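One structure is given below, represented as structure tokens, and several questions about it will come after.
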Amino acid sequence: MTTEERKILESKVKEAIEQIRPYLQEDGGDIAFVSLTDDKIVNVELQGHCGSCPYAMMTLKENVELAIKDAIPEIVSVENIKPL
């Protein structure tokens, strides 16, 4: 992935996260973009209540990841950088 491709992809990912963020914030949580790997894996940090919620992994995979992959099909997965 070229530097320009990375910048474009990161921008799309950040935009998708901004669309998801209000829903997480409604429940006292939040999400922060951390990085995008060369393998097109998005690393995020679940914050607030999302960081300690027993349903955080389900939220991450069934909501956040699906929304991001729907908006950006080339994304392989979304992973939380802190253990849940």
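In the range 1-28, what residues are assigned to a helix (DSSP H, G or I) and farther than 16 Å from Val44 by Cβ?
Here is the first cut: in the range 1-28, the ones assigned to a helix (DSSP H, G or I) are 3-26.
Those that are assigned to a helix (DSSP H, G or I) and farther than 16 Å from Val44 by Cβ: Thr3, Glu4, Glu5, Arg6, Lys7, Ile8, Glu26.
Name the residue, out of Lys14, Lys61, that is modelled with pLDDT of 95 or more and open to solvent by 20 Å² or more (accessible area, probe 1.4 Å). Let's see the steps before the verdict.
Working: Lys61 fails: modelled with pLDDT of 95 or more.
Every option except Lys14 fails the conditions.
State yes or no: is Ile68 in a loop (DSSP other than H, G, I, E, B), at pLDDT 95 or above and surrounded by 12 or more Cβ atoms within 10 Å (Cβ to Cβ)?
Numbers: in a loop (DSSP other than H, G, I, E, B): no; at pLDDT 95 or above: yes; surrounded by 12 or more Cβ atoms within 10 Å (Cβ to Cβ): yes.
Spelling it out, it is not the case that Ile68 is in a loop (DSSP other than H, G, I, E, B), at pLDDT 95 or above and surrounded by 12 or more Cβ atoms within 10 Å (Cβ to Cβ).
A further question follows. Residues of the range 17-29 being out of contact with any His (no Cβ under 8 Å at 6 or more places or on another chain) and surrounded by fewer than 17 Cβ atoms within 10 Å (Cβ to Cβ), which ones?
So the first thing to find is which residues in the range 17-29 are out of contact with any His (no Cβ under 8 Å at 6 or more places or on another chain), and the list is 17-26.
Across the range 17-29, the qualifying residues are Glu18, Gln19, Arg21, Pro22, Tyr23, Gln25, Glu26.
Can I ask one more? If a residue must be more than 12 Å from the chain's Cα centre (by Cα) and surrounded by 14 or more Cβ atoms within 10 Å (Cβ to Cβ), how many such residues does the range 41-55 contain? Write out each step before concluding.
Filtering the range 41-55 down to residues more than 12 Å from the chain's Cα centre (by Cα) leaves 48-55.
Now narrow it down to the ones that are surrounded by 14 or more Cβ atoms within 10 Å (Cβ to Cβ): 48-51, 53.
Residues that pass the stated criteria total 5.
The values are calculated or read from the model by the stated rules, or taken from the named source; none is laboratory data. Note that the coordinates shown come from a computational prediction; the quantities given were computed from them, not determined experimentally. Virtual Cβ from ideal backbone geometry, glycine too; neighbours counted across all protein chains shown. Each accessible area value is taken on the protein alone, full model and side chains, heavy atoms only, with ligands, DNA and RNA left out. Shrake-Rupley method; radii C 1.70, N 1.55, O 1.52, S 1.80 Å.
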